[in-house]
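Worksheet: one structure, shown below.
Read-outs: derived from the displayed coordinates by stated rules, not from any lab. These numbers come from a predicted model, not from an experiment. Quick reminder, even Gly has a Cβ in these numbers, built from the backbone with ideal geometry, and neighbours come from all protein chains shown.
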C-alpha cells in the first residue's frame with residue numbers, strides 16, 4: 001500500500017470511529033450534541049489519530065487497542081481549535097472553509113462544546129477498550145496521564161497562554177518552547193499513546209516520543225511556511241495572519257529556505273531515533289515525510 | 001468531634017492539598033498559573049471534596065487514597081464556575097466576594113485557566129495516589145471514568161447547555177433534569193469517587209450514590225431558596241438574579257415553604273438508602289444536614 005492509500009485507509013477508520021464516540025441525545029442535550037458534532041466532523045487531516053494508530057502498529061500492536069486514545073486526542077484537538085477561534089482568543093470566523101462554531105452557535109455554546117469535547121476525551125479513554133485485563137487497565141491509566149499532561153497547563157493550554165499573552169516578545173528559543181507546548185505536546189502524546197496501547201516497551205516508547213517531538217517541530221515550521229506562502233484557499237483560513245499579527249514565525253526568524261531545511265533536519269533526527277530502536281521500518285517515517293511535504 | 005469541627009478539619013486538609021496540586025512556573029507559564037490559582041484559592045465550602053473524603057471514610061477506607069480525586073473534583077468545580085461566569089454565559093462580575101477571573105485576567109485567559117483546571121484534574125487522578133497495585137490502578141481508572149462522565153456532555157456541561165439555551169421553557173421535570181446534570185452529577189461523582197477509592201463494595205457504592213443524588217437535589221433546592229431570600233452578602237453574588245433572569249427556581253415552582261420541606265425529604269431518602277447499606281453511622285448524613293441548614 002502506498003502512503004496515500006495508507007493515510008486514506010486510516011483516515012476513513014478514524015472518521016468512522018469518531019462517528020460513534022460522542023454521547024447522543026437525549027442524554028446529551030441536542031443543542032450541545034449538534035455543536036460538538038459540527039466541529040468534530042469538519043474534516044481535517046486527522047494527523048494526530050493517524051499517528052497514534054501508526055505508533056501502535058510500529059510496536060507490533062493492534063490498532064483497535066489504540067483507537068479510543070486516537071479518537072480522544074482528536075476530540076481534544078478539536079476543542080482546542082474551538083476555544084482558540086473564540087473572539088477573546090484568535091477571533092477567527094472561518095476554519096476549514098466553514099464558519100467557526102461560535103459564529104453559528106454563539107460564544108457560550110462554543111465554549112461549552114469545547115468543554116464537552118475535552119471532557120468526553122477522558123471518559124472515552126477510561127471506558128474503551130473495554131477490558132478487565134490488568135495490564136491493559138494500567139496502560140489505559142498511563143495514557144490518560146500522558147494525554148492530560150500534554151493537553152494541560154504545562155503543555156497545550158500553557159502554550160496557548162503564552163501565545164495569548166506575550167508572543168511578540170519571544171526570541172527564537174521562546175518561539176520553540178511555545179510551539180513545543182502548543183502543538184508539539186499533543187502530537188507527542190498521540191504517538192506515545194499509540195505506542196503504549198500497542199504494548200511497546202520503554203525503549204520503543206522513548207524512540208517514538210523522540211521522533212514525534214521532531215514531527216511536531218517540523219509540523220509547526222511547515223505550518224508557518226504555508227501561512228507565509230499564502231495558501232489561503234487550501235488552508236481554509238486567513239493566510240499571513242500570524243505574521244500580520246506580529247507573532248514570530250519560523251520564516252520571519254530564519255527565512256523560508258532555511259525554515260524548510262530545518263523541517264528536513266527534523267525528519268533526519270526522527271529517522272535516527274527510530275533506527276536506533278529498530279522502528280524505522282514502519283509507517284512513522286512516511287508520516288513524517290507527509291508532514292514536511294504537505295501543502296495544507 | 002462535632003460536625004463543625006469535622007468539616008473544618010476536612011476543609012483545612014483539602015485547602016492544604018489544593019496548594020500542592022497545580023503545576024508551577026516555569027513549566028506552567030506564570031500568567032496561567034496565577035489565573036488558575038486565583039480562582040482555586042478563592043475559598044468556598046469545598047463541599048465536593050469533603051463529601052469525597054467522607055465517602056471514603058464511610059466505607060472504612062483511607063482518606064489519603066481519595067484526596068487526589070477530591071482535589072481533582074474541586075478543580076473541575078472551579079473551572080465550571082470560571083466558564084459559567086464568562087460574559088457569553090452568565091456574565092457575572094463577582095464571585096465569593098471577589099471580581100471574577102475574566103474581570104481581572106481577561107476573557108481569553110479565563111477561558112484558558114478553566115481549560116487548564118479541567119485538564120489538570122485528569123492528570124492528577126491518573127498520577128495520584130502513586131501506586132503499581134493493580135487493584136488501586138483499576139480504581140483510579142474507574143474514578144477517571146466516573147468523574148469525566150459526570151462532568152461531561154451527559155452531565156455538568158450538558159446541564160449548562162440546557163441552562164444557556166432554554167431554561168425559561170422548562171417545566172418542573174425539566175428543571176429537575178437540568179439541575180441533576182448541572183449540579184447533581186458532580187456531587188454524586190464526588191461521593192462515588194470517594195467510595196470507590198476507599199475500597200467500597202458495589203452495594204456500598206450504590207447506596208452512597210443514591211444518597212449523594214438526594215444531597216445534590218437538596219443542595220440545589222436550598223441554593224434557590226437562599227437566592228430568593230436574598231442573602232446577597234453571604235452568598236457573595238447577586239441575590240435574586242436567577243429569578244430575575246426568568247430562570248425557573250424551586251421557590252417559583254413550589255413556594256419557599258414547600259421547597260424547604262422537599263429538601264428535608266431528600267435527607268429522609270438519603271438516610272433510608274444509607275441505612276439499608278449499614279452506612280448511616282457515618283459523617284455522610286451530617287453532611288446532608290449541613291447542606292440543608294446552611295445559610296450560604
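What the table shows:
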{"read-out": "Prolate/oblate/rounded call for chain A, Cα gyration tensor, a/c under 1.5 rounded", "value": "oblate"}
{"read-out": "Contour minus Cα-Cα distance for residue A:272 and residue A:203 (0.36 nm per residue)", "value": "23.5 nm"}
{"read-out": "Fewest-first sequence of A:37, A:46, B:20 by Cβ atoms within 10 Å of each Cβ", "value": "B:20, A:37, A:46"}
{"read-out": "Residue mean of other protein chain beta carbons inside 10 Å, B:121-130", "value": "6"}
{"read-out": "Shielding by other protein chains, A:138-148, mean Cβ within 10 Å", "value": "6"}
{"read-out": "Ellipticity estimate at 222 nm from DSSP helix runs (n ≥ 4, -39,500 (n - 2.57)) divided over chain B, nearest 500", "value": "-22500 deg cm²/dmol"}
{"read-out": "Sequence-separation-based contact order of the stretch B:3-293, relative, with Cα cut under 8 Å and 6+ spacing, percent", "value": "21"}
{"read-out": "Gyration tensor verdict on the protein assembly as shown (Cα atoms; rounded if a/c is under 1.5, prolate if a/b is larger than b/c, oblate otherwise)", "value": "prolate"}
{"read-out": "Normalised contact order of the stretch A:138-296, rounded percent, pairs of Cα under 8 Å and 6 or more residues apart", "value": "23"}
{"read-out": "Cα pair distances of the stretch B:61-160 binned at 5 Å [whole percent]", "value": "3, 13, 21, 20, 15, 12, 8, 5, 3, 0"}
{"read-out": "Calculated FRET value between residue B:133 and residue B:2, using beta carbons and R₀ = 30 Å, to 0.05", "value": "0.25"}
{"read-out": "Anisotropy class of the stretch A:108-217 from Cα gyration tensor, a/c 1.5 cut", "value": "oblate"}
{"read-out": "B:38, A:250 arranged by Cβ crowding within 10 Å, fewest neighbours leading", "value": "B:38, A:250"}
{"read-out": "Other-copy label distances relative to residue B:99, 7 angstrom Cα-Cβ extension, nm", "value": "3.3"}
{"read-out": "Net lengthening on full extension, residue B:103/residue B:19 (0.36 nm per residue, minus Cα-Cα)", "value": "27.9 nm"}
{"read-out": "Neighbour-count order for B:98, A:260, fewest beta carbons within 10 angstrom listed first", "value": "B:98, A:260"}
{"read-out": "Other protein chain Cβ atoms within 10 Å, averaged over every residue that makes up B:31-38", "value": "3"}
